[in-house]
Number of protein chains: 2
Amino acid sequence: MTSTQVLLDSLLTHKSTINLASTEQKNQALEAMAHQLEIQQDLILAANALDMKAAKQSSISTVMLDRLLLTPERVQDMATGIRSLINLPDPVGLVLEETIAPNGMVIRKRTIPFGLIGMIYESRPNVTSDAAALAIKSGNAVILRGGKEAFHSSQAIVTALKSGLSQAGIAPEVVELVQDTSRASATEMMTAKGKIDLLVPRGGAGLIQAVVENAIVPVIETGTGICHVYVDKDANLDKAVSIVLNAKTSRPSVCNSQEVLLVHEAIADLFLPALESALAGKVELRADVAAMTYLKEALPTGDMDFDTEFLDYILAVKIVKDVAEAVAHIGQHSTGHSDAIVTENQQAADYFTQHVDSAAVYVNVSTRFTDGGQFGLGCELGISTQKMHARGPMGLREMTTYKYIITGDGQVRN
Amino acid sequence: MTSTQVLLDSLLTHKSTINLASTEQKNQALEAMAHQLEIQQDLILAANALDMKAAKQSSISTVMLDRLLLTPERVQDMATGIRSLINLPDPVGLVLEETIAPNGMVIRKRTIPFGLIGMIYESRPNVTSDAAALAIKSGNAVILRGGKEAFHSSQAIVTALKSGLSQAGIAPEVVELVQDTSRASATEMMTAKGKIDLLVPRGGAGLIQAVVENAIVPVIETGTGICHVYVDKDANLDKAVSIVLNAKTSRPSVCNSQEVLLVHEAIADLFLPALESALAGKVELRADVAAMTYLKEALPTGDMDFDTEFLDYILAVKIVKDVAEAVAHIGQHSTGHSDAIVTENQQAADYFTQHVDSAAVYVNVSTRFTDGGQFGLGCELGISTQKMHARGPMGLREMTTYKYIITGDGQVRN
């Protein structure tokens with residue numbers, strides 16, 4: 001057996017201790033996990049220093065280096081993040097429906113944890129802590145496979161979290177970090193049918209596609225966001241400028257930031273110059289032929305510019321003749337994450353919200369709000385861009401399933 | 001392009017007419033579909049006669065022939081089945097949650113149809129009519145791929161249903177039957193990413209496994225039921241005998257019937273002879289060594305008897321030493337469909353319902369109740385044996401997803 005298979009079998013043996021834990025036990029575990037991160041901070045930072053040293057030697061990008069870096073503040077943030085789950089309601093054990101059948105049997109539909117959740121992610125060590133804490137609060141065992149660049153950091157974090165679990169009387173074997181960071185372990189997780197109940201990939205588009213295409217276990221597709229803002233002919237121009245500015249520039253590296261601007265042809269001559277001036281050169285505009293005529297410093301769009309998640313200060317711009325063309329373009333190019341219309345026209349807004357098939361559809365609001373915290377979930381494991389099971393921000397509730405429990409007194413079916 | 005790809009593109013072009021249809025329009029369409037089945041009954045029976053003739057020539061089993069056969073009564077049953085959906089509540093357009101954020105934007109979580117549902121099934125022509133009607137009521141376009149044995153029958157049924165859709169003003173292109181009944185078309189459906197939003201296989205275990213393993217589009221695994229009844233030491237023996245009799249013999253060919261009997265060792269000497277006498281030779285018992293000693297006419301179990309969905313008058317029997325061993329056996333051999341305990345002991349019942357990880361877990365009730373109608377859903381597309389999205393009977397509600405619609409007045413994120 002490989003080391004990953006050994007971990008999976010151990011998780012299956014121990015998972016019931018967390019699957020059946022009480023709310024109080026789980027909350028005690030979270031507090032102890034947060035506390036252990038604080039106590040073991042020096043060990044975590046030392047492990048991170050090893051990862052950082054190796055990363056610098058392998059000529060990794062500055063952005064990646066920053067993602068990998070842990071500081072005392074960032075460790076504290078992880079602990080704070082774990083504690084923030086304590087006061088959230090327990091998603092397990094809710095009776096969603098209860099009916100008494102005519103024959104007297106009682107049918108209860110009750111929420112339960114999935115059982116064992118798998119996460120495959122990249123180089124941010126804080127994902128290790130976040131994912132483990134969300135799993136514990138939702139009653140799930142979890143197998144974590146982080147990027148190899150962050151292996152020592154993740155290992156130290158998991159060690160601390162396990163200490164916390166032990167202290168709270170929950171088997172530390174319910175949180176495991178995959179030791180093999182080669183491709184083989186990812187494949188083992190994707191094909192662990194009957195063992196992993198839900199697999200969530202988090203990271204770049206390549207990673208997510210590979211998991212979606214190769215997994216046999218149930219997967220939630222997350223994250224990739226080619227988000228559109230459509231400025232309608234009946235838009236309030238001030239709102240439109242401020243929404244695009246926010247959606248594009250407030251944090252370009254995240255999945256709910258805007259990548260594509262669609263502008264109604266009747267308002268392009270007013271809106272595009274106003275936008276260009278508000279952007280003040282901070283954003284590279286890549287415009288189609290029609291939009292070029294209204295912009296001073298835009299570049300012409302390339303083949304892939306309407307299908308790229310730039311995650312950068314780049315915005316693709318296209319003129320459309322009406323809301324129907326905007327919706328059709330979004331239907332063809334959106335990743336189903338978040339798309340917005342800016343308009344004062346109710347009919348256009350209704351058409352847009354009905355026809356755009358994305359997890360979050362906005363009217364006169366920036367796409368940047370698609371987030372578990374902003375939507376009132378208190379936290380998030382990721383943002384689902386698929387339609388099955390969960391759509392948009394996945395909170396604790398989306399980390400549970402349900403079962404029917406039917407109790408009676410000897411009922412049989414005619 | 002293949003004929004299936006042409007159908008898929010046409011479905012995508014037309015699906016919004018059903019996705020956005022009002023409750024009234026959908027109900028009118030259902031009535032018209034039912035009516036057209038009645039009017040076109042002779043055409044449907046003639047098409048079925050072609051299928052039956054071909055089937056008889058290919059030395060198909062009697063059971064399969066019966067599944068394939070249509071009669072005037074069976075066509076009427078299909079029409080009645082369609083009409084029964086009219087009075088069920090529309091699952092689309094429900095506001096699951098509505099919150100006003102501190103910044104004033106309104107976040108609504110609203111149910112919507114998946115969009116386009118695919119069904120891959122075998123030789124029962126009535127599945128064609130049932131699935132199309134469920135899709136219409138839930139606002140979905142549907143692409144149906146039935147078995148080639150039933151092709152003419154399904155074609156005639158779909159023709160009638162399309163007439164009904166036209167009469168109700170809904171594009172008949174939202175219900176399509178795949179014309180190519182070779183393996184290629186199934187593969188095309190399983191890989192139609194971004195086109196088919198949900199794929200539901202219905203049929204034998206082989207078909208379902210092939211779809212689950214090969215599909216890239218989201219799939220709901222359905223149906224296979226290796227269902228257990230565990231008779232505890234504290235069982236009421238009369239209830240136990242009547243539950244096993246019902247679970248095993250009331251309709252052995254369906255997925256919620258019992259395949260395996262587990263008996264506590266302390267009660268085996270009383271229970272097994274009582275059961276054998278009640279079964280009166282109707283059921284072949286295949287018993288483990290311990291159980292053999294209490295049964296007069298049992299055969300010894302073979303290697304696969306605890307992992308086989310017999311769908312027949314066969315029951316595998318095993319003695320266990322306690323509820324924990326029963327639960328462990330079920331964990332290893334159950335397909336996660338329906339499992340029951342018979343006991344008067346609350347502790348044993350609680351242990352069983354907590355630890356058995358199946359869609360439906362029964363206490364002192366026959367497994368035969370796992371069914372959309374019995375659970376109050378009014379209908380069912382199939383019975384999910386997976387944990388993601390839907391578990392147990394899938395009704396109209398499980399054929400929808402949701403989107404977040406956020407409306408505001410220029411809100412941006414800090």
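For region A:181-196 and region A:347-379, what is the centre-to-centre distance using only Cα atoms, to the nearest Å?
Result: 34 Å between the Cα centres.
For label points placed 7 Å from Cα toward Cβ, what is the shortest-first list of nm distances from residue B:251 to its copies?
5.2
Using a 10 Å cut-off on Cβ atoms, rank the peptides A:44-51, B:295-302 from the highest mean neighbour count down.
A:44-51, B:295-302
So how many Å³ per residue does the convex hull of the Cα atoms of region B:217-265 work out to?
88
Based on alpha-carbon atoms only, what is the radius of gyration of region B:19-130 relative to the globular estimate 2.2 N^0.38 Å?
1.55
Taking 22 Å as the cut-off for C-alpha to C-alpha distance, list the pairs among A:403/B:282; A:248/A:282; B:15/B:403; A:321/B:193; A:321/B:109; B:148/B:248 that go past it.
Too far apart for the 22 Å limit: A:403/B:282; A:321/B:193; A:321/B:109; B:148/B:248.
So what's the projected area for region A:179-272, the Cα convex hull averaged over all directions, in nm²?
For region A:179-272, the mean projected area of the Cα convex hull comes to 8.3 nm².
Along each principal axis of its Cα atoms, how long is region A:354-414 end to end? Whole angstroms, biggest number first, please.
So the extents along the principal axes, rounded to whole Å, are 57, 28, 17.
Can you say what percent of the DSSP beta bridges in chain A, counting only those with both residues inside, are antiparallel? Round to 5.
30
Report the charge-dipole magnitude of the protein assembly as shown in Debye, nearest 20, computed about the Cα centre from +1 at each Lys and Arg Cβ and -1 at each Asp and Glu Cβ.
Once rounded to the nearest 20, the dipole reads 20 debye.
Please order B:304, A:78 by the number of other Cβ within 10 Å, starting at the fewest.
Exposure proxy ranking, most exposed first: B:304, A:78.
Only helical DSSP H runs with n ≥ 4 go in: add -39500 (n - 2.57) per run for the protein assembly as shown, normalise by residue count and round the 222 nm mean residue ellipticity to 500 deg cm²/dmol.
-12500 deg cm²/dmol, from helical runs alone.
Kindly state, to the nearest 0.05, the FRET efficiency for residue A:50 paired with residue A:307, given R0 = 30 Å and r defined as their beta-carbon distance.
The formula returns an efficiency of 0.20 here.
For B:362, A:294, what ranking results if the residue with the fewest other Cβ atoms within 10 Å of its Cβ goes first?
A:294, B:362
Counting only other chains, what is the mean number of Cβ atoms within 10 angstrom of the Cβ of each residue in peptide A:358-364?
Whole-number average of other-chain Cβ neighbours for A:358-364 is 6.
Which of A:228, A:35 comes first, and how do the rest follow, when ranked by fewest Cβ neighbours within 10 Å?
With the sparsest Cβ surroundings first, the list reads A:35, A:228.
Which value in Å does the Kirkwood hydrodynamic radius of the protein assembly as shown take, with 1/r averaged over all unlike C-alpha pairs and then inverted?
Computed over the protein assembly as shown, the radius equals 28.7 Å.
To the nearest 10 degrees, how steep is helix A:151-167 against the longest Cα principal axis of chain A, on a 0 to 90 scale?
In chain A, helix A:151-167 runs at an angle near 50 degrees to the longest axis.
Calculate the radius of gyration of the Cα atoms of region B:64-173 to one decimal place, then report Dmax, the largest Cα-Cα distance, as a whole number, both in Å.
Calculated on Cα positions, Rg and Dmax stand at 17.9, 64 Å.
Test of understanding: extend the Cα→C-beta vector of residue B:214 to 7 Å, then name every residue of region B:171-197 with backbone N under 20 Å from that spot.
Only B:177-197 fall inside the zone, counting backbone N under 20 Å.
Please list, short to long, the whole-number percent of alpha-carbon pairs of region A:266-314 in consecutive 5 angstrom bins beginning at zero.
5, 21, 30, 25, 17, 3
For residue A:56, which aspartates and glutamates qualify as cross-link partners when the Cα separation must be under 18 Å and same-chain residues fewer than eight apart are set aside?
In chain and number order, the partners are A:66, A:122, A:149.
Kindly give Rg over Rh for region A:226-359, based on alpha-carbon atoms, with the Kirkwood expression for the hydrodynamic radius.
A ratio of 0.92.
How do A:348-359, B:321-332 rank on mean C-beta neighbours within 10 Å, highest first?
Peptide ranking by packing, descending: A:348-359, B:321-332.
If one computes the Cα centroid of region A:207-239 and of region A:92-171, what distance in Å separates the two points?
25
Once both axes come from the Cα atoms, what is the angle between helix B:268-279 and the longest principal axis of chain B, in degrees from 0 to 90, rounded to 10?
Orientation of helix B:268-279: about 60 degrees from the principal axis.
Taking chain A as the reference, fit the longest principal axis to its C-alpha atoms, fit the long axis of helix A:41-57 to the helix C-alpha atoms, and give the angle between the two in degrees, 0 to 90, nearest 10.
50
Can you list the aspartates and glutamates whose alpha carbon is less than 16 Å from that of residue A:162, not counting same-chain residues fewer than 8 positions off?
Answer for residue A:162, where 16 Å is the Cα cut-off: A:31, A:38, A:130, A:173, A:176, listed by chain and number.
Take the Cα pairs of chain A, get the Kirkwood Rh, then feed it into Stokes-Einstein at 4 °C and 1.567 mPa s and tell me D in µm²/s.
56
Let me see the pair-distance distribution of region A:90-131: every alpha carbon pair, 5 Å bin width, integer percents in order.
5, 16, 15, 14, 12, 10, 9, 7, 5, 4, 2, 0
Laboratory data are not the source of any read-out in this text; all were calculated from the coordinates shown. Values in this document were obtained by computation on a predicted structure and should not be read as measured data. Please note: Cβ atoms are built from the backbone with ideal geometry, for glycine as well, and neighbour counts cover all protein chains shown.
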